[in-house]
Amino acid sequence: MNPGIYIHIPFCRSRCSYCDFATGMFEPAAADRYVRALSNEIRDWKQVAPAADVDTIYLGGGTPSLLTSEQIEHILRAVHERFEVAAGAEVTIEMNPGDGEAQQALRAWRELGITRVSFGAQTFDDEGLKQLGRTHTAADIRRTFQDLRAAGFTNINFDLIAGLSGQTLSRWEQNLDEAIALGPEHLSLYLLDVHEGTPLADQIRRGMRAQPDDDLTAEMYRFMIDRVCAAGYEHYEISNFCLPGHEARHNTKYWIGAPYYGFGCSAHSYDGVFQRWSNERDSARYTSLLEDGRSPIVETLALSERDVRAESMFLGLRMMRGLSLRELKARFGADPFAPYQSDLERFGAAGLIEIEGDLIKLTRHGALLSNEVFAAFV
């Protein structure tokens, strides 16, 4: 399997209330230092000698679209100097609605070889956007989408969140209908997850926001599957939907056990066999390490065959097509599900999984309660 590259850009204009990623406020001088350090990390990288062409590059964050076109070019040039990038590679950049220098920046992205844009719409409700700490409006979402189309982008993803405080099923339906009407090639539809240490968790604890309603959120999940699939999208992963041929190739690597190499603060890597490693989380510390000629890697984890087998099962089950028992047996030399037979029987009786011929997969109900299933393999 070809490896992919993930590049973390940690800068944002504001901190979203639900976010627990490694991000900080955008400052031009800090961003410039970071880009130089990041490019040096890529050029000097010696962890693995890639045997296959890289076929996906993903600039995530944070908000990569806050960087200038020149800074993005500097990073991508470093990638091409260090790696063989396959023809037709999927190159994604994340952005917030309203970012960028309108058509000039978007066209520059196209010229740099960026083929796919993923942007955090989150909701078409302006009040909901304020609640999340977002700096854009619903009008910005619509305008940015049209700008991307005008710039020639034919592979666009929307992120939307269900289960926001005060969000009704009717309002969630309106969100889905607005997204479908615009017609992006890909939709990432997430249920709100409250992480400890985030402003949102603190707001809920202090009674400023309502605790998410699990029953309503479950109803929203079931509804979104029906509505989005009826519009011609394929439900190919627990939270992801696409028009035919537009699966997120980079993100799929995480679920199928392909190798990926992460650059930037907090970035994680996997060699596709038995080793994972991760970088310093703090962006200032990361930058300083590289400026001092030191490695930003702070943790390395050797995986056992049992670890790899378990990860292959619970990550692979995220894919709605399911896991092939035959392929797993060929890879691991035995039935990897044998130690979990009692769990599988329990999940089957509860309607969380089903077996169709050679495939074992989550049911729709199982996708909603997937963490309960995955816990059996951890």
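The table that follows gives values for the structure above.
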{"read-out": "Residues HIS268, HIS136, sorted so that the one with the fewest Cβ neighbours within 10 Å comes first", "value": "HIS268, HIS136"}
{"read-out": "R0 of 51 Å, Cβ-Cβ distance GLN341-LEU243: FRET efficiency to nearest 0.05", "value": "0.85"}
{"read-out": "Potential lengthening between ALA376 and ALA49 on full extension [0.36 nm per residue; Cα-Cα distance subtracted]", "value": "114.2 nm"}
{"read-out": "Relative contact order (percent, whole number), the chain, Cα cutoff 8 Å, 6+ residue spacing", "value": "16 percent"}
{"read-out": "Stokes-Einstein D in µm²/s, Kirkwood radius over Cα pairs - the range 256-325 at 10 °C with 1.306 mPa s viscosity", "value": "117 µm²/s"}
{"read-out": "Partner lysines for LYS361 [C-alpha distance under 19 Å; skip if fewer than 8 residues away on the same chain]", "value": "LYS253, LYS329"}
{"read-out": "Per-residue Cβ neighbour rank within 10 angstrom, fewest leading, LYS253, LYS46, LYS130, LYS329", "value": "LYS46, LYS130, LYS329, LYS253"}
{"read-out": "ASP32 versus GLU354: modelled label distance in nm, points set 7 Å from Cα along the beta carbon direction", "value": "5.9 nm"}
{"read-out": "Taking CYS229, CYS265 and counting other C-beta atoms within 10 Å, the order from fewest to most", "value": "CYS229, CYS265"}
{"read-out": "Share of Cα-Cα pairs in the range 293-378 lying beyond 22 Å, as whole percent", "value": "29 percent"}
{"read-out": "Taking the range 305-377 and dividing mean pair separation by its residue count, relative contact order in percent (alpha carbons under 8 Å, at least six apart)", "value": "35 percent"}
{"read-out": "For the range 31-88, convex hull volume per residue from C-alpha positions, Å³", "value": "93 Å³"}
{"read-out": "Cβ-derived FRET efficiency at R0 25 Å, ALA218 paired with GLU327, nearest 0.05", "value": "0.20"}
{"read-out": "At 1.306 mPa s and 10 °C, Stokes diffusion of the range 51-132 via Kirkwood alpha-carbon radius, µm² per second", "value": "114 µm²/s"}
{"read-out": "Size descriptor, Kirkwood hydrodynamic radius, that averages inverse alpha-carbon separations across the chain, Å", "value": "21.9 Å"}
{"read-out": "The range 28-98 versus the range 318-374: alpha-carbon centroid distance in Å", "value": "36 Å"}
{"read-out": "Whole-number percent relative contact order across the range 35-127, with pairs defined as alpha carbons under 8 Å at least 6 apart", "value": "33 percent"}
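Read-outs: derived from the displayed coordinates by stated rules, not from any lab. None of these values were measured; they are calculated from a predicted model. Ideal geometry is used to build each Cβ from the backbone, glycine not excepted, and the neighbour counts take in all protein chains shown.
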